[in-house]
Amino acid sequence: MAYDWSDSLTFKIGGEYRTYGFETFGLTRTKTSPTGADRLTGVDSIGRVVSIGDGVSAGAGSDLSFIVPDISKIADFLSFYDDPLVPNRSEREVDETDKGVFLQADFNTTVGGLVLRGNAGIRYAQTEVTAKGWQTIAVGTPPVTTYDYVTTDNDYDDVLPSFNLALEPRDDVVIRLGAAKVMSRPTLGDLTPGGSVSPTTRTVSYGNPLLDPFRATNYDFSVEWYFQNEGLLAAAVFYKDIDSFITSETVGIPYNQLGLPNELLQGAASPTDIFQVTRRLNGEGGALKGIEVQYQQPFTFLPGLWSNFGFTGNVTWVDSEVSYGTAGKNRLTGQSKNTANATLYYEDGPFQARVSVAHRSQYLLSFPGANGNSEEGVNDTTNVDASLSYEFTPNLTFSLEGINLTDAYTDRYVDVTNRVSDYRHTGREIAVGLRWKY
């Protein structure tokens, strides 16, 4: 609802009510491992021969054929899929209700002959969460394990003031200043009290229904120069005072100290084996600061065909330091220090085409890392994408899109020594489309 107090001042008031839900369950094969005579068989019954001769430099007479496991043969031989699936107590459910109201004032006036516009307001947000999932309880000596489908409730409130100002010292220049308290709620999957166990990889993952949201106070300042139609050169500085954030903790713990039943191991691991336990928790806060430079311009100053080209791009430098509790301080997970994006485009009536390059520097995935490593992350990535389209009629458009044209690899690392953890590629993706609208 809006009310025009005057030509230069408008008040707005409103509210919201939203509900979200998440539910999952799992089934398990009743037959999980070979027994008896199944353990004595020839490799031809469960394997196949492959050759890696193409592209491999090897001495004369080298045999480059190898026998490898054949998943389909193994499944058929052991009749894994012949028995019915049974519930495995992995049911989890989260229901979230978000309520909020806001009051905002928009203004547009002049100060000293300069245009000054912006808004100021405050938002009240209330969050209620009900999370359900299976928990295991071990009691007595020796322990007797029982299952309990638990329900955990959590709720929190946030008061979020904000303001934004835009001053125009010239017709083509805008100076912006803003500040706001912000929050971002945890994903529903992170809030379940239940967890998952993988005996093969020796990992356990738990949710945390009592997670607090990401909370921070943001400060932004920018100068924008609109030097021509659709042309922009802008620079911005920003600072985030982070009160809390959501991260993961991965620690090695013997399975028999987790209070989980041995039957979940399905014979694929020993109760004394060390499992990497990943738990979601809130970091203790910190600070993030950075600078961004943005440039865009159509090349209308060039002659002929070249005037249909244009460019848009930005470069961002970010520095952060947050506290991970007893693990110490490090960069914020998922945050690269340097990112850059550039797009060269061509537009001529019904035909449009563009090539984009996106680069980001190394970033953290988790701190500390699993298996005693100080951290885990991803090294620098550079991706090249392209697209073109042609509008045959106002109703019919053809499109061609290419993603990751250079077939860039994902390079995950562990520890500050940057040891290789996972180095893989997914290949190029080409999409052809024909869109009809009416």
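The values are calculated or read from the model by the stated rules, or taken from the named source; none is laboratory data. Quick caveat: nothing in here was measured; it's all calculated off a predicted structure. For neighbour counting, all protein chains shown are included, and Cβ atoms are generated from backbone atoms with ideal geometry for every residue, glycine included. Surface areas here come from the heavy atoms of the whole protein model, side chains and all, with no ligands, DNA or RNA. Shrake-Rupley method; radii C 1.70, N 1.55, O 1.52, S 1.80 Å.
At least 2 residues being surrounded by 15 or more Cβ atoms within 10 Å (Cβ to Cβ) and modelled with pLDDT of 95 or more is the threshold, and among the strands (runs of 3 or more DSSP E) wholly inside the stretch 110-206 those reaching it are 114-139, 144-170, 173-184.
From the residues in the stretch 31-51 that are surrounded by fewer than 11 Cβ atoms within 10 Å (Cβ to Cβ) and either closer than 25 Å to Ala268 by Cβ or under 36 Å from the mean Cα position of the chain (by Cα) (or both), which one is modelled with the highest pLDDT?
Gly42
Name every residue in the stretch 102-125 that is farther than 15 Å from Val182 by Cβ, of a type in the set (Val, Ile, Thr) and under 40 Å from the mean Cα position of the chain (by Cα), in order of residue number. Result: Val115, single match. Number of residues in the stretch 395-438 that are in a loop (DSSP other than H, G, I, E, B) and of a type outside the set (Phe, Trp, Tyr) equals 15. Looking at the stretch 251-273, is at least one residue among the hydrophobic types (A, V, I, L, M, F, W, C), assigned to a strand (DSSP E or B) and open to solvent by 60 Å² or more (accessible area, probe 1.4 Å)? No: zero hits.
For Lys329, all conditions in the list (1) open to solvent by 30 Å² or more (accessible area, probe 1.4 Å); (2) over 20 Å from Ser374 (Cα atoms) hold save one; what is the number of the exception? All conditions are met except number (2).
Checked against (1) crowded, with 16+ Cβ neighbours inside 10 Å; (2) of a type in the set (Val, Ile, Thr); (3) modelled with pLDDT of 95 or more, Val315 passes all but condition (1). Looking only at the stretch 285-302, residues that are under 27 Å from Lys337 (Cβ atoms) and exposed (fewer than 15 other Cβ atoms within 10 Å of the Cβ) come to 4 in all.
Scanning the stretch 105-125 for residues that are closer than 27 Å to Ser184 by Cα and not hydroxyl-bearing (Ser, Thr, Tyr) gives Ala105, Asp106, Gly118, Asn119, Ala120, Gly121, Ile122, Arg123, Ala125.
Scanning the stretch 78-101 for residues that are open to solvent by less than 60 Å² (accessible area, probe 1.4 Å) and under 30 Å from Arg176 (Cα atoms) turns up just one, Gly100.
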